[in-house]
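A.B. asks: Pasting a structure below so you can have a look.
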Amino acid sequence: MTTPDNSPDKLPQHLAVVMDGNGRWAKKRFMPRTAGHKAGVNATRKLVAACAARGIPVLTVFAFSSENWNRPEQEVSTLMSLFVTTLSSEISKLHKQNVQVRFIGDRTRFDECLQKGIMDAEQLTRNNTGLVFNIAANYGGRWDIVNAARQLLQKHSGESVTEERFAQYLQTPDLPDVDLFIRTGGEQRISNFLIWQSAYAELYFTDTLWPDFDEQSLHQALDWYAERERRFGKTSKQIQQEQQNKQAS
Ligand code: FPP
C-alpha cells in the first residue's frame, strides 16, 4: 500500500459534508426514516475518526438545515432527540480523541436541553488541539451571510467593507475556506451550506447513501481531491510554473 500524500496542497484543510440519503437508506430496508438517521450517526462517528486519523484539520457536517424544520413534526422531534442523546453519549469519547467540537447556526431555536448540551460540549472540548469538528445545526448559508452583514453594520457602520473584515463575522471566522465539499446520496446541489466559505471548493458528489459512507469512501474522495488542479482563477500554465518554482526552491 502506498502512503497517502498528506501535504497541505493534497489534503483538504477544511472538509464540508452534506450527509444525504438517510431516508432512502431506511426505505430500502423497509425501516422508518428515523432508523436511517440513527445509522447516519454511526457513519458520522466513523467519519470523524477517519478525518482525525488522516490529519484533516477541520470537518464541518450539515446535521440540520434551517429548512429542515419543514419536515414532518415527528421526524424533526426524533432528530432533535437523536442530537441530544448522541451529544451526551459521544462527547466524552470525542474529548478523549482530542477533538474540538463546535456548532454553527442559530441555536436559539433549539430547546433548552439541546442548547445546554451544545454549550457543554463546546466548553469541555474548547482547548483540544486535534480535529475541529464543526456541526452545522439550524444553519443556512444565506442566514450566515445576513447575520454577518447585520453585525458588521452595527459594529463598523461607515467603515469600508472588505472580504476579510466581512468574513470575521461569519460563523467560521478562524477557519480556512472549504477545500473539499462532499455530498452523498446522489443529488448534485449545495443546498445553502457554507455558500461563502465554499466559493473555491472542489465539489464531490457520490451516489453512496450517507449510512453507507465509510472510511474507504472518504479515501476515494480524498484521492480524487489530490488529483484536482486548483487554479483560483489563474491559468493551468501559471499553476504548473508555480509548482516548478516551489520544487526548485
Ligand atoms: C439527510 O438525509 C440527513 C439529515 C437531514 C440529517 C443528518 C443527520 C445525521 C446523519 C445525524 C448526525 C448527528 C450528529 C450529532 C452530527 P435525508 O433524510 O434527507 O435522506 P433522503 O434524502 O434519503 O430522504
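The values are calculated or read from the model by the stated rules, or taken from the named source; none is laboratory data. All of these numbers come straight from a predicted model, not from anything done at the bench. Methodologically, a virtual Cβ is constructed for each residue, glycine included, from the backbone with ideal geometry; neighbour enumeration extends over all protein chains shown.
A.B. asks: Among the listed residues L170, L194, which satisfies the condition of being surrounded by 17 or more Cβ atoms within 10 Å (Cβ to Cβ) and either modelled with pLDDT under 95 or within 26 Å of A50 (Cα to Cα) (or both)?
C.D. replies: Sole residue among the options that is surrounded by 17 or more Cβ atoms within 10 Å (Cβ to Cβ) and either modelled with pLDDT under 95 or within 26 Å of A50 (Cα to Cα) (or both): L194.
A.B. asks: Same structure again: T208 passes all but one of (1) part of a helix (DSSP H, G or I); (2) in contact (Cβ under 8 Å) with a residue 12 or more places away in the chain; which number fails?
C.D. replies: (1)
A.B. asks: Considering (1) closer than 18 Å to G55 by Cα; (2) in contact (Cβ under 8 Å) with a residue 60 or more places away in the chain; (3) not β-branched (V, I, T), say which one G140 fails and leave the rest.
C.D. replies: Going through the list (1) closer than 18 Å to G55 by Cα; (2) in contact (Cβ under 8 Å) with a residue 60 or more places away in the chain; (3) not β-branched (V, I, T), G140 breaks only (1).
A.B. asks: Another question, then. Just the residues that are assigned to a loop (DSSP other than H, G, I, E, B) and within 25 Å of Q197 (Cα to Cα), please, taken from segment 14-42.
C.D. replies: M19, D20, G21
A.B. asks: Can you tell me which condition A35 does not meet? The list is (1) buried (at least 18 other Cβ atoms within 10 Å of the Cβ); (2) in contact (Cβ under 8 Å) with a residue 12 or more places away in the chain; (3) within 15 Å of the ligand (Cβ to nearest atom), and all the others hold.
C.D. replies: The single condition A35 does not satisfy is (2).
A.B. asks: Tell me which residues, restricted to segment 14-32, are near the ligand (Cβ under 7 Å from one of its atoms) and of a type outside the set (D, E, K, R).
C.D. replies: Result: M19, G21, N22, G23, W25.
A.B. asks: Further question on the same structure: Check L218 against each of (1) surrounded by fewer than 15 Cβ atoms within 10 Å (Cβ to Cβ); (2) assigned to a helix (DSSP H, G or I); (3) within 16 Å of the ligand (Cβ to nearest atom) and name the one condition it does not meet.
C.D. replies: (1)
A.B. asks: Within segment 147-170, how many residues turn out to be closer than 18 Å to D106 by Cβ and in contact (Cβ under 8 Å) with a residue 12 or more places away in the chain?
C.D. replies: The number of residues fulfilling the criteria is 7.
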